[in-house]
Amino acid sequence: MIVAIEGVLEKATPLSAIINVGGLSYSVSVPVTTASRLPKIGERVQLHTHVVYREDSQTLHGFTTEEERDFFILIIEKVSGVGPKVAQSILSKLSLEALSGAISSGNATLLAKTPGIGKKTAERIIVELRDKLGALAGKGVSTQKGMASPSGSAGTENTESDAILALTALGYKQAEAKRSVEKAIAELGPQATTEEIIRTALS
């Protein structure tokens with residue numbers, strides 16, 4: 001089992017990172033919260049990982065902290081109907097601290113605001129995880145030691161399209177994603193990074 005990966009960041013998008021380790025390049029799926037804390041291209045990065053095996057594929061998922069990784073594992077293994085894509089969407093929208101608080105307090109309304117999560121699924125998450133959070137409960141997401149500033153570039157022509165692609169990957173319909181991104185850009189201004197746009201669109 002691959003529990004961590006460390007190497008040189010070759011490429012990054014709001015939902016993925018390509019990391020070169022000893023000449024081999026690994027594609028890692030990441031939530032927006034992790035993408036926003038990646039270093040600049042060409043710098044070293046370390047992510048805590050979990051591999052998801054399927055009959056027709058295997059996907060490496062990466063996170064800035066062990067707590068985020070452990071929450072991801074917990075939710076896909078303990079909550080029926082919540083797979084890696086939905087779990088990544090949840091972690092893209094809410095910080096670990098906010099997720100722990102929502103689950104502990106039974107705030108299904110907050111969880112249900114995540115794309116792909118309806119009220120029933122949100123309630124199921126609360127029921128299944130409330131007593132299993134353990135050490136995760138109340139912990140926030142800290143910045144990984146040695147991590148550099150976010151890699152998202154502001155003011156590029158691809159910023160809007162990258163944000164739209166990320167939202168559609170998280171479950172938004174194309175038209176809805178475009179409207180949300182345009183609204184976020186209007187609110188943040190043209191110099192906003194892709195990650196900032198996505199986080200505002202998800203809020």
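The values are calculated or read from the model by the stated rules, or taken from the named source; none is laboratory data. All values reported here derive from a predicted model rather than from experimental measurement. Cβ coordinates were reconstructed from backbone atoms using ideal geometry, including for glycine residues, and neighbour counts include every protein chain displayed.
Return yes when Leu110 is touching a helix residue (DSSP H, G or I) at 6+ places or on another chain (Cβ under 8 Å) and within 20 Å of Arg69 (Cβ to Cβ) and no when it is not. Write out each step before concluding.
Numbers: touching a helix residue (DSSP H, G or I) at 6+ places or on another chain (Cβ under 8 Å): yes; within 20 Å of Arg69 (Cβ to Cβ): no.
No.
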Going through the range 52-86 in order, the residues found to be assigned to a strand (DSSP E or B) and crowded, with 21+ Cβ neighbours inside 10 Å are His61, Gly62, Phe63
Report, by residue number, each residue of the range 1-38 that is over 23 Å from Leu170 (Cβ atoms) and either in contact (Cβ under 8 Å) with a residue 40 or more places away in the chain or part of a loop (DSSP other than H, G, I, E, B) (or both).
Met1, Ile2, Val3, Ala4, Glu6, Gly22, Gly23
Given (1) farther than 22 Å from Ser29 by Cβ; (2) without any contact (Cβ under 8 Å) to a residue 24 or more places away in the chain; (3) surrounded by fewer than 19 Cβ atoms within 10 Å (Cβ to Cβ), index of the condition Ala122 fails
(3)
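Which residue, of Thr49, Thr33, is outside the structural domain of Ala192 (by TED's automatic domain parsing), surrounded by 15 or more Cβ atoms within 10 Å (Cβ to Cβ) and at pLDDT below 95? If you could, list the steps in order and put the result at the bottom.
Details: Thr49 fails: at pLDDT below 95.
None of the other options fit; the residue is Thr33.
Could you check the range 131-203 for helices (runs of 4 or more DSSP H) lying wholly inside it with 2 or more residues that are touching a helix residue (DSSP H, G or I) at 6+ places or on another chain (Cβ under 9 Å), modelled with pLDDT of 75 or more and under 17 Å from Ser16 (Cα atoms)?
Working: elements: 159-169, 174-188, 194-202.
Because the criterion is at least 2 residues that are touching a helix residue (DSSP H, G or I) at 6+ places or on another chain (Cβ under 9 Å), modelled with pLDDT of 75 or more and under 17 Å from Ser16 (Cα atoms), the helices (runs of 4 or more DSSP H) in the range 131-203 that meet it are 159-169, 194-202.
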Testing Gly118 on (1) touching a helix residue (DSSP H, G or I) at 6+ places or on another chain (Cβ under 9 Å); (2) within 21 Å of Lys173 (Cβ to Cβ), one condition comes back false. Which one is that?
(1)
